[in-house]
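Student: Structure in structure tokens, see below.
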Amino acid sequence: MHSAVDFDDLDRLLAAHRHWWQPAPFRHAEIPWLQNHGRAGQALLALSDDDYQSLRTDDSAARRFLCALFPDLRELDRFPEPDAPELPAGFTEPTHMAGRKAAQVACFCNALDSPTGHLVEWCAGQGWLLEQALKQFPAHTGIGLERTLRLCQQGNARMRKRGLSGLLLEADVMDESTLPALDGNDTVLALHACGHLHQQLVQWAPHQQAGHILLSPCCYHLGERRALSRTAARGRLAADSIDPHLAVQDLTTGHSNRSKRQEKAVAWRLGYDSLRQHLCADTLYRPLRSMPGSVWQGDFADFCQLAAAHHGISLPQETDWPYWLSRGEKRRGEVRRLELLRRQYRRLLEWWLVLDAGYALAEQGYQVSVAPFCDPQYTPRNLLVSARRDRP
Ligand SMILES: C[S@@+](CC[C@H](N)C(=O)[O-])C[C@H]1O[C@@H](n2cnc3c(N)ncnc32)[C@H](O)[C@@H]1O
């Protein structure tokens, strides 16, 4: 396994530091580590809104600030993030495709050095990656596997128009009976295959004798929470102890409406939770199912009624809604500040999950490397597992 991050070392650090990153402040009226680190916790909670915002958007500043309060955190410096490759020379943003996707695709194809056999794109969407790969390697033929017929049709029309031989096939990658058999030695490409989809790829492609597998995973929270490799299963950290949402908690740009709605949702959920704890004399967090999007257009009282019905409790008519909403907003401020510490671990947890996928392929006879394939400004999910079969 070639990687700038050593799995064993990382596994040891994450296991030793689990008390810092495992408990989610959202789920604890009082986060366990506050008991022994009250002073450091108070310093976090006392951050002004402006100071909090600038630490939230500047990881290095947050690291410096937090290291002064929590000296253990200096150990994270043993895992510096490797440099990501630049955009390929001559890259120009196409007009027919979103700029960030075009940059991801260009960098991904740049990592595709001398492919073997047919090119097969896994969960291809409209097949942007397949299209670029075929342009770059015109001697190869290619197919894309995609569940949504409309995306297959759009991609096929586009590739036909450009005179490319690629073909998107309607297939459900979770149902192997819908998948074509590979010829052996083919090259499988997966850009941002969500949790269960990349977990399936790690099993399927080696069985098909794929010669080369390039995989950039994402949405770990949609997969099964289990180790994919024997190496990770033998490690100190159990895969199901990792909160996969934390590993994808990066700042994305250009979604201010979405993040406003998220902030509202957090305050409402915490406000309701404070009310429920008060009424039921229950200090444990009780999860809520995900709510229909229309709920966030309504008001806090209606949301609480819905949540209470889910928990099988009834709320008193005279409930002081503004009071409980302000409790929720106050708790949100506290949760956000305490989360600054936990967020320092999110990239290392992502490395752990991606290295696990890499080892799963290495254990099936592949030479594997894991490294960033593009600058994180194009996608925070920028880790690439590149696996070549040892013996064709
Ligand atoms: C995050 S998108 C990535 C698309 C493309 N690789 C890209 O980077 O633009 C995931 C794609 O997987 C497809 N998908 C989801 N479940 C699938 C399944 N079971 N079988 C095949 N495709 C699936 C979705 O329709 C979607 O196009």
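Student: How do the pairs read when you match residues in the range 91-106 that are at positive phi with residues anywhere that are in a helix (DSSP H, G or I) and within 10 Å of the ligand (Cβ to nearest atom), using Cβ under 9 Å and keeping only pairs 6 or more apart or on different chains?
Tutor: Short answer, once both residue conditions are applied: none.
Student: If you don't mind, another one. For the range 93-109, state whether one or more residues are of a type in the set (Val, Ile, Thr), away from the ligand (no atom under 14 Å from the Cβ) and touching a His at 6+ places or on another chain (Cβ under 7 Å).
Tutor: No, there is no match, as no residue in the range 93-109 is of a type in the set (Val, Ile, Thr), away from the ligand (no atom under 14 Å from the Cβ) and touching a His at 6+ places or on another chain (Cβ under 7 Å).
Student: Next up: Would you point out the residue of the range 186-240, among those that are within 12 Å of the ligand (Cβ to nearest atom) and at positive phi, that is farthest from the chain's Cα centre (by Cα)?
Tutor: HIS192
Student: Being within 13 Å of the ligand (Cβ to nearest atom), without any contact (Cβ under 8 Å) to a residue 12 or more places away in the chain and in a helix (DSSP H, G or I) narrows it down to one of ARG160, ARG150, so name that one.
Tutor: After applying the criteria, what remains is ARG150.
Student: Evaluate the range 90-97: report whether one residue or more is farther than 20 Å from ASN156 by Cβ and either aromatic (Phe, Trp, Tyr) or at pLDDT 95 or above (or both).
Tutor: yes
Student: Among the residues of the range 163-177, which ones are assigned to a loop (DSSP other than H, G, I, E, B) and either surrounded by 14 or more Cβ atoms within 10 Å (Cβ to Cβ) or near the ligand (Cβ under 10 Å from one of its atoms) (or both)?
Tutor: If the condition is that a residue be assigned to a loop (DSSP other than H, G, I, E, B) and either surrounded by 14 or more Cβ atoms within 10 Å (Cβ to Cβ) or near the ligand (Cβ under 10 Å from one of its atoms) (or both), then LEU164, GLY166, ALA171, ASP172, VAL173, MET174, ASP175 are the ones that fit.
Student: For the range 337-348, indicate whether the set of residues that are among the polar types (S, T, N, Q), in a strand (DSSP E or B) and surrounded by 15 or more Cβ atoms within 10 Å (Cβ to Cβ) is non-empty.
Tutor: The answer is no; no qualifying residue exists.
Student: Any residue at all in the range 178-185 that is of a type in the set (Gly, Ala, Ser) and surrounded by 18 or more Cβ atoms within 10 Å (Cβ to Cβ)?
Tutor: no
The values are calculated or read from the model by the stated rules, or taken from the named source; none is laboratory data. Everything numeric here is computed off the predicted structure, so don't read it as measured data. Note: ideal-geometry Cβ built from the backbone for every residue, glycine included; neighbour counts use all protein chains shown.
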